[in-house]
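As structure tokens, the structure follows; a few thoughts come after it.
The values are calculated or read from the model by the stated rules, or taken from the named source; none is laboratory data. For clarity, every value in this text was computed on a predicted model and none was experimentally measured. Backbone-built Cβ (ideal geometry, glycine too); neighbour counts: all protein chains shown.
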Amino acid sequence: MATTERLTATESTADTILRVRDATVSFEMDRGTARVLNGVDLDVKRREILGVVGESGSGKSMLASAMLDAVEEPGRLTGEIIYYPEEGEPVDVLNLSKAELKRLRWEEISMVFQGALSSFNPTMSVRGHFTETLRAHDADVEAGMERARELLSDLYLDPERVLDSYPHELSGGMSQRALIALSLVLEPNVLVMDEPTAALDLLMQRSILALLSDLQEKYDLTVVFITHDLPLVAGLADRLAVMYAFELVERGPAAELIRDAAHPYTRALLKAVPNLDAPLSTMRSIEGSAPDPVNIPDGCSYASRCPLADDQCLREDPGGYGAGPEHPVSCHHWRRADEAVPFETEVGE
Amino acid sequence: MNYIVKRTAQAVFTVFAVITLSFVIIRLLPGGPADYLRAQLIQRSGGSLTQEQINQRIASQTNIAVDEPLYVQYVDYMASILRGDFGTSVWYSNEPVIAVLGPAIPWTVFLMATSLFIAFVLGVTLGAFMAYREGSGFDVGSTGVSLLTNSVPYYVIALLLLTFLGYRMELFPTGGQYASETTPGLNLEFVLSALHHGALPILSLVLASFGGWALNMRGNSIRVLGEDYLRVARLRGLPERRIALRYVGRNAILPMYTGLLIAIGFMFGGSIILEEIFAYPGVGYYMIQAINARDYPVMMGAFILITVAVTIGVFIADVTYGWIDPRAEGGGTRESY
Amino acid sequence: MSPTEATSDFEAVSETSLSKRERYRQTLDEQVLAPLRIVWSDWRARIALFVLSIFLLMGTVGVMLVPEPSPNQGPALVGAFRTLEHPFGTTYSGHSILSQLVHATPPMLKMITAGAVFTVVLGTAIGTVSGYKGGAVDGVLMTLTDVALTIPGLPLIIVLAGALQGSLSGNPYVIGLLLSVNAWAGLARAIRSQVLTLRDAEYVEASRILGVPTAEIISKDIVPNLMPYVTMNFVQQARAVIFGSVALYFIGILPYDSVNWGVMMNSAQSQAGAVSSPEAFHWLLVPMLAVVLLSLGLTLFAQAADRLFNPRVRARHTKTTPDEQHEDDEPDEPTPARMIR
Ligand SMILES: Nc1ncnc2c1ncn2[C@@H]1O[C@H](COP(=O)(O)OP(=O)(O)OP(=O)(O)O)[C@@H](O)[C@H]1O
Ligand code: SF4
Ligand SMILES: [Mg+2]
């Protein structure tokens, strides 16, 4: 299987490119402080594709923004985010000067936002977006545009036509691909993608994913792919991280996590998908709702929906269990999860 | 291109409709100009004029030959207006209407264009700053001032300016277009005098309308500031100045273009009252004079001229909109209004 | 029948009735209480209601309390705020300005109502029919609308007033209509494009398939969605009528059969040269202040009404529907209120 091959490849060169520690985003509100990202730890490995999965409102976009120190006012980001370039000193992302941060963004770590069409200035041609970005970073515009054309062709777009278009003249799939090209024009090492395919039809989603995997190889990219659609990334990602209620509850190698999911929530997610190849538009099919970010309960935040919940779960924060060497899980009873939430269909076949 | 053709046809049709309308007003309105002129002529001549002579007089004044069949009257009227023949004035000793109004046109256009431009630029700049400092004391204060000035009719402002700056402090002239001792032409004295005379009318319109533009711009800018593309632009490291002009400015101003179309008509309407207040001999001034003197040919001529000016202004704005906003192909800019 | 079944039946019944009551409560909340709460929460609305009530009171109770204006109510040209008897001073011929001001209010209110109602009814009717019928009807109506939209309002009104000098009466309702002669066009355009988007909405489609007559679809499904535009244009036209009527009375080209603020300004200028002579300035100033105050009230009302129709603000004030968004509201959405001039 392709996934396992790539997995062994990453493991051999495994070193961390982005280290996230205790990342917390809080909003001061009338009702109290809302923590919409709650002490997240995560290592992104060099040249891997990391899938981050979670239901709507679980804090995925917050995590993505945090990686570029781009959380919007009045949200406050605390914790530690370290970027390790291939050569040179590690970069403490949250303590950069304005100029350094500007260089980090787009030149080292780039981002594709949810909703491509709204990421473009509606009154500027696509070409304008490329040239202004190159100019803003004092890059060689000529060479940069050459690269832009190559990227666009790599994404199966007609470069001149797209460059001369205005955003509204592109279809959803075209503008999404143009946005990916724009995010790569300054040759970043890390690409964070927040639901890049959410608004597209199934065929377009799959073809963009295929293109993405080619791009990743060609340009040696590290990709963080955020989505609410687990089956979509399952085949693409080397590793998966599952988000629930503003925290990461489980992460591990993609194949292992899908085969032996250790967290009841992950298992419920997988169970909600009878066949991994089928689309899953929303994960709200799991009963119950996520906790309020202002009053995150003591103990396990999944307890109100979990069939295994007991007193311990309500009292103690579950943390630091390992379901495998590279497979941390936040659940006191992860060993019993497979009995409590069995898969009805054979996933392995 | 297709859009321009369509818009041109629409503008031509509007002019055509306006001339038709003025024909209806003159000829068909019961108790309207034709009836009135006839009554006047009969009364003044004390019955010495024959029916034919009366009809001839009416025809020369209004371009409408009342004894012809209605459709002939209509076609004749349309033809003479299109030739630039608006009839002859009753009041100004039978001068052609165009000779009375023609010299007034540039003055009215000068007042209107200048006020519109100043009010727009001032309002847009102020609104943008308010949006950038949303919620600050400056924003709240400016919003209050804008709301207040927007509620004061321009003629109230005009009367106040005239009273205080014109009469009490004697800083500005209280009538006319330029000082009589200057000679019209491209000389400094004349230009300064014209500006001095135009200052109060222009100031009245500017004060009455910049607040509306400012509030409009503020709202649009705040909306644009919350757009995704602005966030992406910042992450791409674009300089703040480029973001302010090319992103916020442009995207916030474009929707106001529609308002500009409406403002043109509004301004020309306002010019009539203002020119009367400041005794400023523009088209509107003659229009009111004509109404008071029952000089219908001049009145209708002024109406047609003003309407055609507005139609041309709206046409230019409409067509250039498609050119500055890439999304506006095929037009329909007024749909959103 | 076992007791358990009975209980569950009972429960079922009580549940539906409760949810019905619940629904009723929710409707009440959404339709009546939420708007009131919004109005109460907004200072602009409070000021607006206060100002508008003053004028309404002036036009109803005021005319009964304040004596009708007549010559020699007092000495000529008493200044404003000098005597208790004539708080706003007197005119050249000794009319009390307060009397004039108050007795000019009812015709003004009539004029406003006539003009605004006319605009709103005609604009809505033309826009709805045009958008809903489409085809040739739409073509003709929209061509007319475009012409009406381009012809500047005030010059047209002035020309009509001038041409009708002989036959026009000073009846405030007639003047109100005259001042609104082409104001319906803007509303008709806005309504039409709204109707176009609504026409294909699912629920409208459904009614059509069920064979509901066109008139009923229009009145039940479409008109309620157009209320924000209608309200905005009502207020806007009310302001336009005030501004226009006062202006035209001031320059003396509208007929009148009762005292009017614009006529007061005209007399102040023509009889006493109020602009150039300080002793008569109050005569000009008082009616101008009335115009400004009333129009300010209407502007603030429009702003508050804009909030009322802004679904995001509204949701925050409807207590029975869970509020999902904790974000700050932003009353500056692009809405019809923008067009207020
Ligand atoms: N400005 C804000 N103030 C307060 N809370 C906010 C704000 N922005 C977002 N949130 C909350 O933060 C939480 C996480 O938001 P986030 O956008 O990261 O979710 P998400 O997982 O990306 O969801 P989606 O799939 O819908 O994009 C949500 O519950 C949201 O309500
Ligand atoms: S810790 Fe307890 S409540 Fe939380 S997921 Fe595990 S078993 Fe369920
Ligand atoms: Mg998101």
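Structure notes:
- Screening region C:216-239 for residues that are surrounded by fewer than 18 Cβ atoms within 10 Å (Cβ to Cβ) and at pLDDT 75 or above and picking the one that is farthest from residue C:153 (Cα to Cα) gives C:216.
- Residues of region A:233-250 satisfying the condition of being over 11 Å from residue A:52 (Cα atoms), within 15 Å of ligand 3 (Cβ to nearest atom) and not small (Gly, Ala, Ser): A:246
- Selected residue [away from chain C (no Cβ under 14 Å), free of Cβ contacts under 8 Å to residues at least 12 places away in the same chain and not in a loop (DSSP other than H, G, I, E, B)] from B:189, B:181: B:189
- Residue within region B:102-120 that is outside the structural domain of residue B:22 (by TED's automatic domain parsing), farther than 19 Å from residue B:271 by Cβ and in a helix (DSSP H, G or I) present: no
- Any hit, region A:12-20, residues being within 16 Å of ligand 3 (Cβ to nearest atom), among the small types (Gly, Ala, Ser) and either surrounded by fewer than 20 Cβ atoms within 10 Å (Cβ to Cβ) or at pLDDT 90 or above (or both): no
- Test for residue B:225: is it among the hydrophobic types (A, V, I, L, M, F, W, C), surrounded by fewer than 23 Cβ atoms within 10 Å (Cβ to Cβ) and within 12 Å of chain C (Cβ to nearest Cβ): yes
- Criterion: under 15 Å from the mean Cα position of the chain (by Cα), within 14 Å of chain B (Cβ to nearest Cβ) and in a helix (DSSP H, G or I) - qualifying residue of C:149, C:160, C:154, C:187: C:187
- If you filter region A:176-205 down to residues that are aliphatic (A, V, I, L, M) and over 17 Å from residue A:157 (Cβ atoms), you find that the one that is farthest from ligand 1 (Cβ to nearest atom) is A:186.
- Only one of B:125, B:163, B:149 that is more than 13 Å from chain C (Cβ to nearest Cβ) and either surrounded by fewer than 19 Cβ atoms within 10 Å (Cβ to Cβ) or hydroxyl-bearing (Ser, Thr, Tyr) (or both): B:125
- Enumerated helices (runs of 4 or more DSSP H) restricted to region B:249-314, each holding at least 3 residues that are buried (at least 23 other Cβ atoms within 10 Å of the Cβ): B:257-277, B:283-292
- Residue in region A:41-80 that is farthest from residue A:15 (Cα to Cα), counting only those that are surrounded by 15 or more Cβ atoms within 10 Å (Cβ to Cβ) and away from ligand 1 (no atom under 16 Å from the Cβ): A:41
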